[in-house]
Amino acid sequence: MYKPVGVVSTMDDPQGRPTVRSIVPQDPVTNPVGRLDLHSEGLMLMTNDGDLALRVTHPRYEIGKTYHILIPGHIPTDDVKRLVSGVELDDGQASARSARVLSKSTTRTIVELVMAEGRKREIRRMFDALGIPVERLVRTAIGPIVDRSLTPGSYRPLTLDETRSLYTLADKRKPS
């Protein structure tokens, strides 16, 4: 599914905000795999397969999630390198598997990060530690799963090949 901005990536919200439950059918019942914060958008998996959810979310399986981050102005090359080498946060060091500038104009830059871990608001906190505000954060891929045809609030079932590809990738990365 494509989680829009303003939707909480939980099934129920005590504050009454819209949740992912309002986007996907509840037959069969599925649950969100991982999180995207209220102000972030993009690809999310919903499943009733607990083993798949574990493999996609647990850091030991190293399933990369790809994000595009829109920032004002430009990002210094040293800061792009720091996103990979590590940025100190209040709960320890955080680092991207990879970081690169996708595009830039005179007023904005789009940075692509691939993350293997997913701590709470990790990317926003990394950019904040560098003194760079985030204007927009979009998850564009979960491992091999990419679907640029999805629009905010839309969803589709995974294909059998996509499900297999997630399991295959997790099995290759699983520590012995």
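When Pro4 is tested against (1) over 24 Å from Ser165 (Cα atoms); (2) in contact with a helix residue (DSSP H, G or I) (Cβ under 8 Å, 6 or more places away or on another chain), exactly one condition is not met: (2).
Here Tyr67 qualifies as of a type in the set (Phe, Trp, Tyr), at pLDDT 95 or above and in contact with a Lys or Arg (Cβ under 7 Å, 6 or more places away or on another chain).
Here is a yes/no grid of residues against (1) within 23 Å of Gly153 (Cα to Cα); (2) touching a residue at least 24 places away in the same chain (Cβ under 8 Å):
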{"position": "Pro14", "(1), (2)": "yes, no"}
{"position": "Lys65", "(1), (2)": "yes, yes"}
{"position": "Asp79", "(1), (2)": "no, yes"}
{"position": "Arg97", "(1), (2)": "no, yes"}
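Only a single item in (1) surrounded by fewer than 18 Cβ atoms within 10 Å (Cβ to Cβ); (2) farther than 18 Å from Leu43 by Cα; (3) more than 14 Å from the chain's Cα centre (by Cα) is not met by Arg97, and it is number (3).
Taken together, the residues in the range 124-145 that are under 15 Å from the mean Cα position of the chain (by Cα), over 23 Å from Gln26 (Cα atoms) and in contact (Cβ under 8 Å) with a residue 60 or more places away in the chain amount to 9. Put simply, of Ser9, Ser85 the only residue that is farther than 18 Å from Pro157 by Cβ and in contact with a Pro (Cβ under 7 Å, 6 or more places away or on another chain) is Ser9. Note on the range 24-60: among residues that are of a type in the set (Lys, Arg) and more than 14 Å from Val8 (Cα to Cα), the one that is surrounded by the most Cβ atoms within 10 Å (Cβ to Cβ) is Arg55. Return yes when Ile69 is assigned to a strand (DSSP E or B) and closer than 17 Å to Ser95 by Cβ and no when it is not. Yes: the conditions hold for Ile69. Condition test on Arg82, is it farther than 16 Å from Thr163 by Cβ and at pLDDT below 95? Judged against the criteria, Arg82 is not a match.
If the condition is being of a type outside the set (Lys, Arg) and under 17 Å from Ser40 (Cα atoms), then the range 148-176 contributes Leu150, Thr151, Pro152, Gly153, Ser154, Tyr155.
The values are calculated or read from the model by the stated rules, or taken from the named source; none is laboratory data. All figures in this text were calculated on a predicted structure; none of them were measured in a lab. With ideal geometry, Cβ positions are generated from the backbone for all residues, glycine too; neighbour counts draw on all protein chains shown.
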